[in-house]
Amino acid sequence: MNPTLLLLAAQLVVGAASSEPPVSQPNGVAPGGSACSPEDWSRESDDVCAENRALKVYGRTHGEFSFGYLGQWSNETNRALELKPSDANPPFAGAITEPFLGAPFSGSVLSGATIESRVVYDGIRITAGLRFPFLNYRPGDTAQIINVGGVPREVLVRSVSLWDVRTGIGLEYSFRRVTPYFDVLGDLQTMTTQLVVDGAPVKYQGTAFSLGGRVGMRFQFEHAFLAVSAEATALGPLRLGGSAQLGFAF
């Protein structure tokens, strides 16, 4: 075969290969890069997305469960309470109102545990949970003399028990390992308190509904996360504070 023809053919092949565009990497990342978009998180076998295999759960519809602790300042004076029936109640027990306008109801610190579950669909958050706040106070500081029907009575707040059913709806946007969010919260709050009136225990109970808001950040460590938030109520018993929760997504 003519050597000149062979040389010409080789030159044509080399020229065609050099004119092909370079193969692009996912998201414009060169080989060996580590960036990976949410669209690439499903490529389980791709080494470039290995660190995102667990984080991909936050970019799609998923569920969450978390447990943590709350801390709040509370004013419970705008809560209606009713006397729990008992044969041991003094006849005037239903007329007592003054102790519920003072300490510890007028301003105390709440602390306790909180449990939440959540479904996130396309950035929309739907929350349900339980809260078990405890009122921090000294019963001895609540002792006072009140006037009931023109007769002085010794009264002391012996105990206060609180628990809440929490619901919420909100929005979030995930930035890979950090997700800011906002929730509108509705809490059904139950309080049971025991007074000691002239040495006799008397129980009162009431339910209230509070409406408020919460802003927070979720820090994602693969399937586990840490969520910190601040919240306040606009209607119902006044509460200001926040919480920190550990959880996992699935």
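A short reminder: the numbers here are calculations on the coordinates, not readings from a lab. This is a predicted model, so every value here is computed, not measured. Neighbour counts run over all protein chains shown; Cβ positions are idealised from the backbone, glycine included.
Any chance you could check the Cα centroid distance between the stretch 70-129 and the stretch 143-173 for me, in angstrom?
6 Å
Show the residues, 5+ positions off or on another chain, whose built amide H is closer than 5 Å to the amide H of residue 84.
Residues meeting the amide H criterion: 203, 204, 205.
How many percent of the alpha carbon pairs in the stretch 70-159 exceed a separation of 19 Å?
For the stretch 70-159, the share of Cα pairs beyond 19 Å comes to 57 percent.
Placing +1 at every Lys and Arg Cβ and -1 at every Asp and Glu Cβ, with all other atoms neutral, what dipole size does the stretch 57-249 have around its Cα centre, in debye to the nearest 20?
Rounded to the nearest 20 debye, it is 400 debye.
Which value, in Å³ per residue, describes the convex hull spanned by the Cα atoms of the stretch 192-250?
141 Å³
Tell me, what is the FRET efficiency for residue 92 and residue 215 to the nearest 0.05, using R0 = 41 angstrom and their Cβ-Cβ distance as r?
For residue 92 and residue 215, the calculated efficiency is 0.30.
Pairs of Cα atoms under 8 Å, at least six residues apart: use those to get the relative contact order of the stretch 57-249, whole percent.
Computed value for the stretch 57-249: 25 percent relative contact order.
Of the GluC sites (Glu not before Pro) in the stretch 158-236, which ones lie in a loop per DSSP and count no more than 16 other C-beta atoms within 10 Å?
Filter output for the stretch 158-236: 222.
Whole-Hz Karplus ³J(HN,Hα) for the stretch 106-121, in order, using 6.51 cos²θ - 1.76 cosθ + 1.60 and θ = phi - 60°, x for Gly and Pro?
7, x, 8, 8, 9, 8, x, 9, 9, 10, 9, 10, 7, 10, 10, 10
Using modelled amide H (1.01 Å from N, peptide plane; none on Pro or chain starts), what sits under 5 Å from the amide H of residue 107, excluding residues fewer than 5 places away?
76
Once you compute Rg and the Kirkwood Rh from C-alpha atoms, what is the Rg to Rh ratio for the stretch 57-249?
1.10
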